[in-house]
Every structure is written in C-alpha cells, then in structure tokens.
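The values are calculated or read from the model by the stated rules, or taken from the named source; none is laboratory data. Not measured: the values here are computed from a predicted model. Using ideal geometry, Cβ is built from the backbone for each residue, glycine included, and neighbour counts are taken over all protein chains shown.
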C-alpha cells in the first residue's frame, strides 16, 4: 500500500485559517452565523474554525457552534457500513433565519451533504446554507458544490483519502493511500 | 429353502459357536459345522430376532407416512423379525376385518411377522369396548389391546377391558396420560416449557394413571402393560407394584433412554413426541430401571410422519419420532457399552420379554436347536453417524447426526435373509 | 443482528445501543417532519396471524416513518384460513420481494421457525409468538423506564442498574413478561414476579403470591400490571374476576401505599377496574400513554437496525 502526505500539519492550519476568513468575508462579519460540524471530523474542524474566528477578536453570539449527525438521514443504509447515531446539538438560538455553515472533512459524492440538508429541515429554516470542507475530492454524484474549500484533491476512485486530526487520530495530516 | 452356517458368532452368553440353519429352523449348534453356505460371523453378536411391542405402521389410512411394507423393511434393517402394529389407523383396528387385513399385508410384505394390536375401545373413542373377543379369534389372533395415542381414561372401562381379556390371557397396554391434565400440552412441564412458552405435560398426568391401573390390576389379579414409561415417578410406581406381586409389565422407548426436553429449545418439532422427552433425572431413572428389571422391554413407538407435519411451527406439528433402525444401538449404548449390563439382558429386553408379554410363540425364543431361525447379527464395534433418511417412508428422525454404536449386519427371518451385509433384501420372504 | 426474535439475544451493549437509537427516533417523531429516508425502497410485511390492531398499527407507523413500503397481511379470510401453512404463506409473500417480516403468531416459537428453518432468508422481527416473547414490547418498556428514572434527554448510554421492577399478573402465559424479565436483568434491574400461584411459571426467581406483602417488602420503582384474560377462569386458574381484582389488582388503596415517584406501566389493552383502577391508570405516575408513543420509536430503531445490518452480514 502506497501512502503519500498531501497536507502537513502546517498546511492544515493555514487552510483552516483561510477558510475562517473567507467565511467572515462572505458573511460580512459574524451576524446570524451558525457553524455546524458533521461528525466525526467535521466537528473538530468546526471547533478549530470557531477558535480562529474568536481569536481574531470577532464578536460572536454566545452559542453559534453545534453538531449535526446525519446518519439517520442517509438513504443508502444498506450499502454503507452502519455507523452509530450520535446526538445532534443545535445552538440555543435555533436555525431560523440564520446563515448555517456546514463543516465536513471530505466532500466526495455529495450524499453526506444531501442528507445534512434533509436533517437541517427538522430544526428550522435557515436563510442560507453554506458548505465548508477541508478536502474536495471531486467525484460528485449530485449537483452540490462547496463554498469554502481547504484544498482541491483530484483523485481516482481506488485511492483513499485519510484525514487525521490530532484530537481524534493523534496527528494532523492528510494522506492519499492506494 | 437353503441351508447355511453362521460361523463363529458370539451368543448372548458370550459363547462363540457355529449356528446351522436348515429349512428355516435352527438345526445344529456347535463348532466347525458345514453347509451349502458358510457365512463368517467372527466378531458379530448373534441375538434372537428383535420383537417390537409398539410400532405404528400407519396402514390402512395414513399411507403417506408409512405402509406395512415400508415399516416392515425399516424394522428388518433394525434387526426386528416381528412387530406389533398399533391400532390407531384409519379405519381403526377395532374389529376382526381390519386386524386380519393388516396381518395379511404383513405376510405379503414378508420382511417381519406383523402382529396387529387391537383397539380397546370402538374407534378409540374411550366409551365403548371394541370387539376384543372377535379380534382374538380372528386369523390375526390378537392378544395385546391398546388405544395408544389415547389413554383409556375411564376407570370403569379399563377395569372391564382388563377383566374381559384375562379370559384368553390377553393384556391391555395402557397409554398413560390423564387427558384433563394434558389439554393442549406440547412438551414436558418444567423449567424449559416455562421458558419457551409451550404448554406443559406434567409427569403426574402419567403417574396418576399408572397408579390407578396397577391397583386395578391388583384387584382383578389381571395382567397390565404400560406403554412408553417416561418419568422417574412412573418407575417408582412400577417398582412398588412389582414388589406387591402385581402382574404389570412396562416398556421404555429408545428416545426416552437418550434424549431430554432441552432439545425443544430449538423449537424443532422433530423432538415433539407423546409422552414428551423429559429431564436428565428421568432418563437416568429409566436407564437404571431397564437394567434392574423394573422395566421389562424396549419398545420403539416408531411413529412416522410426513414432512409437512414436522416442517412447521411446534404447535402445529404432529407428535412422534421414527425409531426402528436405531433401537438396537441405543440399547447397546445403555446396557452394554455403559458397563451396566450385558448382551444377555439386551436379548431379554429386545426379544425374549416382548415375545413373552405378547404370547408370540415363534419369536423371542432361545437360540437352541429346533427353534425357528429368527435371528439378528450385530457388529458391535462399528460406530455410526446416524443418517436422517432410513428405510422408513418418513424422516422425522431425532437421531440424525448423532453417533451411536453398533450396526445390524444380518437379519434372518425364518431362515430368510431380510438384511444381508448391512443391505436390505429387495424382496421379502415368499 | 440478523433477526430480533428474543430479548435473550441482546447483550447489554446491544440493548443500550438500541435504546439510544430509539431515543433518537423519538426525537424525529417529536420534531417537524417525522420522516426519514432510511428504508426507502424496502418492503416490510406485517405477517399477523393473530388479531392485533395496536401492535400492527405501531409497526405500520414505524415503517412508514422510515419511508418503507408496508404490506399488511392478516390471517382472517386469507389462504391461511383455508389451511395454508406458515411456511407456504411466508414463501409466497417472500417471492414478491420482502425485506423484513414482522410476525405475530399464536404458536410459541413461530418467529424462530420462520427465521431459521430455511423457508426464506428474510430478516424477522418477532411481534409476539404465542406465550413466548414480545421483544419490542420489552424494549419500549425499558425505554420508558429510562426516561422516567433518568430524565428525558439524560438517558443516553444509561442502563437500569438497581431499579426494582414488580410485574403483576398472569406471568405464566405472558410473552410480555418473559421478554421483560430477560431484558431487565440484562440492564441490571431487579425483577419481581407477583400473581396467583396458578399463574406463576416454574424455574423463575423472586416470585410472590401476596401482592400487598410483596409491594411493602420490595418498594418497587416500577409496577407493571399485566392484562388478565377472563378465559383463564374457565380453566380454573382463579375463581372469579372479583377475587382476582381483590388480591392482585392495583387498586387505589394499594397505589396510595406506593412511593410518590413510582412508575405505573401496562402493555395494554387495559381492563380498567380489573387489574388496574381507572384512577391509577390516569394518574401522573402512569406512563401508559408514553409507552405507546415509545413503541413507535423502538420499532423504528429495530427496523432501521435490521436493514442496516443485513448487508453487512451478506458481505
């Protein structure tokens, strides 16, 4: 098995910083912003993005960070290995009329995001929904695009992308394996 | 008829001898005998042909399960030369015509002697006596009567029947099951049935009938035979009755000597039988009783059923198991291989005693000169993995997959090989 | 798990995992759209050989909330009343393409027979087989107990350690009792069985025949009343409804002597005034209505689980 690192720890750090600034720029600040991480690694990335935003002295509503578990909303239940359903945590202010930024580690077929859009409907009616991902692989099956991308990584289907984030995996890196 | 010698066979008393058969009779017993054909029986145990006092041949009326022919064939494979066929056919064997029909079918088949058992009550309905005398006087010469499948639960009727048949030394064989205590019963009443949610068949339903009937036998000084004993409590009652000189005999099936009620946990109806499989304690008591003589015979209660009657949920399934072809192996396991008894006792419980109870004069005889050549030769050293399919028409075989000792190599019916070298003869004796 | 036949097949982790998933399903049921795409394109068959509107409707709602196609088969008036066997009925239906069988049958062991005799290879949910088991009932009961005892929203990962449960009634003939006893023990609860001696099964621990004495001694956290069938009177299990109610009914007097926070449960349908007083059934301690709602969540979780595991087993 071949494995090569495409993003180092520093690369990841820079990408997250850039995404955070892009989010602020597009939203003209932090008003009505809600950031929801998609488990498992999307949650860690969302926390880091929130941290960057706070560090830059931006005022943020007390509750703007949450998590959205989309497992039950998948429509390919019998084709993917079953994942445990973890709790969903929506900030106290709700989603009505908010700008929701979904955060995930890898954008691939787009099915995860589609399930996330279905799940969101349960909790309210956002004014807008945006998508931030660390890696965009490119093998889209649905007309879905990311608004904020850490890195575009064209790969072929046989290759596997491994995203490591220190709080879960011990180190920060993105590797391609084939 | 040919003449042949069974050379170097081991008798039940462990003597190694040659047995010479001429024209269907045992002509000579000795050593170094000669004949037209000499068959080497070194290492084989020669036993009197087995007699089953309790078999269901299903004909007339239920030929999809078994016929007199296929049942006879299965019996021969199991080492039997005579079987007594229970009366719960359709029409019921409650009159001379039906018993004669079954008797004739047996003769035509020619693999074993089929001695029909007559019903005690008309149509097995438990209210009116069947034509016991006529059945006895018929060419079938019935001496054993039973409503097996059902209990003669009316004490007055049981009393009358026992008294009536005593006149010609007949015997009533009781299927002991108090109906009111076993309504809708599916398996042994106990911890397993409570866990599985299956209605229980309590031991006391068998024991209470046996207790009543041995007292009736005592008061009449009449004979009594108890079918398929299944509980430790029943054994105690029989033991007491015999100690009182009551003329009671009892049988046990191979499955009650081996299998227990925990097998029902799979809900596989191959283990559904009446009376039901009981506990380890009961199995132990039955084995001890067979050794010490409290139980007189092994009787198979061979009960074939078609696959649709067993390939369903438990409550919808029929009761019964086949057993003619593994009976001898179970008897060997319990009596000989266990070290608790010997081949002489096996010959007694599989042949001499059942013949005596039924009054058979040509079977269950000692292996001596002048007796009919009804013999079976077993290879005790073989260990078989029992196959589901036997020579019976039905496959409801609870022994499938088990390893049992011994195999019948030859069965000789009046000098005719119904089984030779482990193979069933293509035709019966004619 | 390929099937859900008995609560004895669930170890502690499996049980808690299923209950946690049921809590998530309850969330879906309480929020807006009450619809998940998880079983879209799948066919669930309600194979009901016994009358039961409540359980059948509960499974129907559960299946539909998961976007499954649901077929209701009921034995009355079907080929079964003309003598068609369970095996043939199942094979006929399976030939049309079935992804889950939900079976209720009067014969104990029927669900296991359908699952394991090789008639079909479809996952099976036992919705009640004779007097043997009713596993989804036990799961919804456990879910309800978790909510009441740990608090709504604080149940995730929790078991029922140390919880004292008294089950009262015709235990011997109750599939609800059997499934509950096993599951509650797995979750660490202490289970007591109370009823007339004629209706207590053999081989079970903690049985009592005197209800008053038992309630005083045990001080249960949960009292589960079982429905009494008056037909049992005909087979002489107890002499009369009046005598049953007097000695084993949850009357207002008995209820008053229980702790303030006791949880009262009943699988339904209730015989008000017989095994349970009306006032007790309608009291704030009663979780009976919540049990019904939880039934839908539990059945959604079970169906979700069976379909998501199926492929893994086949792979």
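Looking at C:296, C:313, which one is modelled with pLDDT under 95, more than 10 Å from every other protein chain (Cβ to nearest Cβ) and out of contact with any strand residue (DSSP E or B) (no Cβ under 8 Å at 6 or more places or on another chain)? Walk me through how you get there before you give the answer.
Numbers: C:296 fails: modelled with pLDDT under 95.
The unique qualifying residue is C:313.
If I ask for residues that are within 14 Å of another protein chain (Cβ to nearest Cβ) and surrounded by fewer than 24 Cβ atoms within 10 Å (Cβ to Cβ), which ones from segment C:177-192 would you list? Before you say what the answer is, go through the steps one by one.
Going residue by residue through segment C:177-192, those that are within 14 Å of another protein chain (Cβ to nearest Cβ) are C:177-182, C:185.
Matches in segment C:177-192: C:182, C:185.
For segment B:148-175, enumerate the residues that are in contact with a strand residue (DSSP E or B) (Cβ under 6 Å, 6 or more places away or on another chain) and within 18 Å of residue B:273 (Cα to Cα).
B:174
Can you list the strands (runs of 3 or more DSSP E) found entirely within segment C:173-279 that contain at least 1 residues being closer than 21 Å to residue C:292 by Cβ and within 22 Å of the chain's Cα centre (by Cα)? Steps first, please.
Values: elements: C:190-194, C:222-225, C:263-265.
Correct list: C:222-225, C:263-265.
Residue B:251: within 14 Å of chain C (Cβ to nearest Cβ) and either assigned to a helix (DSSP H, G or I) or under 21 Å from the mean Cα position of the chain (by Cα) (or both), yes or no? Even if it seems obvious, please write down each step before you answer.
Working: within 14 Å of chain C (Cβ to nearest Cβ): no; either assigned to a helix (DSSP H, G or I) or under 21 Å from the mean Cα position of the chain (by Cα) (or both): yes.
Here the answer is no, as residue B:251 does not meet what is asked.
Within segment B:195-206, take every residue that is under 24 Å from the mean Cα position of the chain (by Cα) and surrounded by 20 or more Cβ atoms within 10 Å (Cβ to Cβ) and give me the one that is farthest from the other protein chains (Cβ to nearest Cβ). Lay out the reasoning, then the answer.
Of the residues in segment B:195-206, the ones under 24 Å from the mean Cα position of the chain (by Cα) are B:201-206.
Still in the list and also surrounded by 20 or more Cβ atoms within 10 Å (Cβ to Cβ): B:201, B:203, B:205-206.
On the way: B:201: 13, B:203: 12, B:205: 15, B:206: 18 Å.
The residue in question is B:206.
Please go through segment C:17-69 and pick out each residue that is touching a strand residue (DSSP E or B) at 6+ places or on another chain (Cβ under 6 Å) and over 22 Å from residue C:143 (Cβ atoms).
C:43, C:45, C:47, C:48, C:49, C:50, C:69
Please enumerate the residues belonging to segment B:288-315 that are under 23 Å from residue B:336 (Cα atoms) and buried (at least 20 other Cβ atoms within 10 Å of the Cβ).
First, pick out the residues of segment B:288-315 that are under 23 Å from residue B:336 (Cα atoms): B:288-302.
Hits for segment B:288-315 are B:289, B:290, B:294, B:295, B:296, B:297, B:298, B:299, B:300, B:301, B:302.
Please list, ordered by residue number, the strands (runs of 3 or more DSSP E) wholly in segment C:7-126 having 2 or more residues that are within 14 Å of chain B (Cβ to nearest Cβ) and out of contact with any helix residue (DSSP H, G or I) (no Cβ under 6 Å at 6 or more places or on another chain).
Where strands (runs of 3 or more DSSP E) fall fully within segment C:7-126 and carry at least 2 residues being within 14 Å of chain B (Cβ to nearest Cβ) and out of contact with any helix residue (DSSP H, G or I) (no Cβ under 6 Å at 6 or more places or on another chain), they are C:100-105.
The rows are residues; the columns are (1) crowded, with 24+ Cβ neighbours inside 10 Å; (2) in a helix (DSSP H, G or I); (3) more than 22 Å from the chain's Cα centre (by Cα).
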| residue | (1), (2), (3) |
| --- | --- |
| B:213 | yes, yes, no |
| B:235 | yes, yes, no |
| B:239 | no, yes, no |
| B:257 | no, yes, no |
| B:265 | no, yes, yes |
| B:276 | yes, no, no |
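I need a count of the residues in segment B:312-363 that are within 22 Å of residue B:149 (Cβ to Cβ), more than 13 Å from the chain's Cα centre (by Cα) and not in a loop (DSSP other than H, G, I, E, B).
Final tally of qualifying residues: 3.
If I filter segment A:48-66 down to residues being in contact with a strand residue (DSSP E or B) (Cβ under 7 Å, 6 or more places away or on another chain) and assigned to a helix (DSSP H, G or I), which single residue comes out as modelled with the highest pLDDT?
That would be A:49.
Just for segment B:383-397: of the residues that are surrounded by 15 or more Cβ atoms within 10 Å (Cβ to Cβ) and touching a strand residue (DSSP E or B) at 6+ places or on another chain (Cβ under 9 Å), which one is farthest from residue B:78 (Cα to Cα)? Explain how you work it out, then say what you get.
Restricting attention to segment B:383-397, the residues satisfying the condition of being surrounded by 15 or more Cβ atoms within 10 Å (Cβ to Cβ) are B:384, B:386, B:390-397.
Subset that is touching a strand residue (DSSP E or B) at 6+ places or on another chain (Cβ under 9 Å): B:384, B:386, B:391-392, B:396-397.
On the way: B:384: 13, B:386: 12, B:391: 10, B:392: 11, B:396: 16, B:397: 14 Å.
The extreme case among them is B:396.
With A:46, A:119 as the choices, which residue is more than 27 Å from residue A:17 (Cβ to Cβ), under 17 Å from the mean Cα position of the chain (by Cα) and surrounded by 20 or more Cβ atoms within 10 Å (Cβ to Cβ)?
Values: A:46 fails: more than 27 Å from residue A:17 (Cβ to Cβ).
Exactly one of A:46, A:119 is more than 27 Å from residue A:17 (Cβ to Cβ), under 17 Å from the mean Cα position of the chain (by Cα) and surrounded by 20 or more Cβ atoms within 10 Å (Cβ to Cβ), namely A:119.
Could you look through segment B:172-194, keep only residues that are more than 22 Å from the chain's Cα centre (by Cα) and in a loop (DSSP other than H, G, I, E, B), and pick out the one that is farthest from the other protein chains (Cβ to nearest Cβ)?
Going through segment B:172-194, the residues more than 22 Å from the chain's Cα centre (by Cα) turn out to be B:178-186, B:189-194.
With the extra rule that they be in a loop (DSSP other than H, G, I, E, B), the set shrinks to B:178, B:182-186, B:189-190.
Numbers: B:178: 15, B:182: 13, B:183: 8, B:184: 9, B:185: 13, B:186: 8, B:189: 8, B:190: 7 Å.
Checked segment B:172-194; the qualifying residue farthest from the other protein chains (Cβ to nearest Cβ) is B:178.
Could you check residue B:370 against (1) surrounded by 16 or more Cβ atoms within 10 Å (Cβ to Cβ); (2) within 30 Å of residue B:27 (Cα to Cα) and say which number it fails?
(1)
Can you pull out every residue in segment C:157-176 that is away from every other protein chain (no Cβ under 13 Å) and either modelled with pLDDT under 95 or buried (at least 24 other Cβ atoms within 10 Å of the Cβ) (or both)?
Of everything in segment C:157-176, those that are away from every other protein chain (no Cβ under 13 Å) and either modelled with pLDDT under 95 or buried (at least 24 other Cβ atoms within 10 Å of the Cβ) (or both) turn out to be C:160, C:165, C:166, C:167, C:168, C:169.
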